[in-house]
Amino acid sequence: MAVLFRPHRGSLADAMAEVREINSFQDIIDETTESLSHYGLSPKKEGFHIEYYSEDERIGWSTYIVFLDNYGVLGFTNGMIE
């Protein structure tokens, strides 16, 4: 099932401008590999984690946080990714 992913940015408006539909962690890897390579990281599915974060009434999302080991927060989704 597809969910929406917004990258972690300085403002909600900036993040929402980059919302993408994703179906898997591989989609997040594909979306973030270029920017993470600047930090010497080559992401793998095993390093990703997702967990419930909060209800965001600003955008109507049940928000889940996505983070990567040895990096931190990558972004947020509006649903769980398997």
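Readers should treat all values here as calculations from the given coordinates under stated rules, not as data from a laboratory. Just so you know, these numbers come straight off a predicted model, no measurement behind them. Cβ: placed from backbone, ideal geometry, glycine included. Neighbour counts: every protein chain shown.
Need the failing condition index for PHE76 against (1) surrounded by fewer than 17 Cβ atoms within 10 Å (Cβ to Cβ); (2) not in a loop (DSSP other than H, G, I, E, B), just the number.
Going through the list (1) surrounded by fewer than 17 Cβ atoms within 10 Å (Cβ to Cβ); (2) not in a loop (DSSP other than H, G, I, E, B), PHE76 breaks only (1).
Give just the number: which of (1) in contact with a helix residue (DSSP H, G or I) (Cβ under 9 Å, 6 or more places away or on another chain); (2) aromatic (Phe, Trp, Tyr); (3) without any contact (Cβ under 8 Å) to a residue 40 or more places away in the chain does PHE5 not satisfy?
Unmet condition: (3).
Among residues belonging to the range 18-59 that are more than 12 Å from TYR71 (Cα to Cα), under 14 Å from the mean Cα position of the chain (by Cα) and among the hydrophobic types (A, V, I, L, M, F, W, C), point out the one that is surrounded by the most Cβ atoms within 10 Å (Cβ to Cβ).
Only one residue fits best here, namely ILE28.
Considering the range 1-10 alone, what residues qualify as being within 12 Å of GLY75 (Cα to Cα) and loosely packed, with under 13 Cβ neighbours inside 10 Å? Explain how you work it out, then say what you get.
The first filter runs over the range 1-10 and keeps only residues within 12 Å of GLY75 (Cα to Cα), leaving 4-10.
Passing the criteria: only GLY10.
Kindly provide the set of residues from the range 33-75 that are of a type in the set (Ser, Thr, Tyr) and farther than 19 Å from ALA15 by Cα, ordered by number. Even if it seems obvious, please write down each step before you answer.
Within the range 33-75, the first condition is being of a type in the set (Ser, Thr, Tyr), and the residues that meet it are 33, 35, 37, 39, 42, 52-54, 62-64, 71.
Across the range 33-75, the qualifying residues are SER37, TYR39, SER42.
Test ASP30 against the stated conditions and say whether it is among the charged types (D, E, K, R) and in contact with a strand residue (DSSP E or B) (Cβ under 8 Å, 6 or more places away or on another chain).
Criteria not met by ASP30.
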